[in-house]
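This report refers to the structure that appears directly beneath it.
The values are calculated or read from the model by the stated rules, or taken from the named source; none is laboratory data. The model shown is predicted, which means the values in this text are computed figures rather than measured ones. No Cβ is skipped: glycine too gets one built from the backbone with ideal geometry, and neighbour counts run over all protein chains shown.
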Amino acid sequence: MMRNELGTMGYGIMDHKTTGMQNGFTLIEVMISLTLGLVVMAALVSTFILQKNTFGAQEDKAERLQTARAAMNIIIQEVMMAGYNPNPSSSLQSRDDSLSTFCGIVHDGSNSELEIRADLDGDGKIVTNAQGSNPNTWNYDENERIVYKKIGNQLKRKTGKGYFQPFAENIKTFRFNYLKADGATANLPGDIRNVEILIETQAARTGISNQQKTFKLESKVKIRN
């Protein structure tokens, strides 16, 4: 009788252990679970990177748009003031200036520098010393001779006889055309009545889609004076 009870208890214990082993995970199940987890994780990471790049592209585009508009607005205001002379009786330029008449926009045949002149402080002169034939060596009243030039990926600006200073970043193109009053190309300083300006920016960040790499802003400015 005791033997049967022990035998029965023994079998019960063995059955319990076997049942416990059957409730665990097999190696194949663990591998499948890990694989599914990695797939889900990869999808989440991919979505995060896509959203980050999209946000970065939008931010970069907005920044370039703001930069181009700010730069264009300042250039427009200064071009409109070109040739300003509150004292018509003054010659503005020194007698030894090689230019026969004062011009608000200096014609640059290479179209590399946009030069603007105006008597902004109203003292009756712009060039204080014009010795020699090179305008870059003359002495000017501060802020009355303004020059814009693209150097590298920057649009730079200088006043007077100073040095070019950074004005706008990530500039791909800075182009301008001299126009007569009727819209035809002006080849002489005295014929310039309008200036056509183009500013094109380039992406500041890498990994931005081709559709958003550049942004163009154009304006046609009429010289008031």
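Does ASP96 fit the bill of being among the acidic types (Asp, Glu) and modelled with pLDDT under 80? Yes. Residue count for the stretch 103-114, restricted to those that are closer than 19 Å to ARG193 by Cβ and loosely packed, with under 13 Cβ neighbours inside 10 Å: 2. Determine which single condition ALA186 fails, assuming it passes every other condition in (1) surrounded by fewer than 18 Cβ atoms within 10 Å (Cβ to Cβ); (2) within 25 Å of LYS220 (Cβ to Cβ). Against the list (1) surrounded by fewer than 18 Cβ atoms within 10 Å (Cβ to Cβ); (2) within 25 Å of LYS220 (Cβ to Cβ), ALA186 comes up short only on (1). Answer with yes or no whether PHE174 is buried (at least 20 other Cβ atoms within 10 Å of the Cβ) and under 19 Å from ALA118 (Cβ atoms). For PHE174, the condition - buried (at least 20 other Cβ atoms within 10 Å of the Cβ) and under 19 Å from ALA118 (Cβ atoms) - is not met. Entry remark, the stretch 147-171: residues being surrounded by 14 or more Cβ atoms within 10 Å (Cβ to Cβ) and over 20 Å from GLN202 (Cβ atoms) number 5 in total. Applying the selection to the stretch 1-60, what residues are modelled with pLDDT of 75 or more, closer than 30 Å to ALA203 by Cα and either of a type in the set (S, T, N, Q) or out of contact with any Lys or Arg (no Cβ under 9 Å at 6 or more places or on another chain) (or both)? Scanning the stretch 1-60 gives ALA42, ALA43, LEU44, VAL45, SER46, THR47, PHE48, ILE49, LEU50, GLN51, LYS52, GLN58.
Within the stretch 115-146, being surrounded by 21 or more Cβ atoms within 10 Å (Cβ to Cβ) and assigned to a strand (DSSP E or B) holds for ILE116, ARG117, VAL127, TYR140, ARG145, ILE146. Scanning the stretch 177-205 for residues that are assigned to a loop (DSSP other than H, G, I, E, B) and either farther than 13 Å from LEU114 by Cα or without any contact (Cβ under 8 Å) to a residue 60 or more places away in the chain (or both) yields a count of 12. Number of residues in the stretch 139-170 that are in contact (Cβ under 8 Å) with a residue 40 or more places away in the chain and under 18 Å from the mean Cα position of the chain (by Cα) equals 7.
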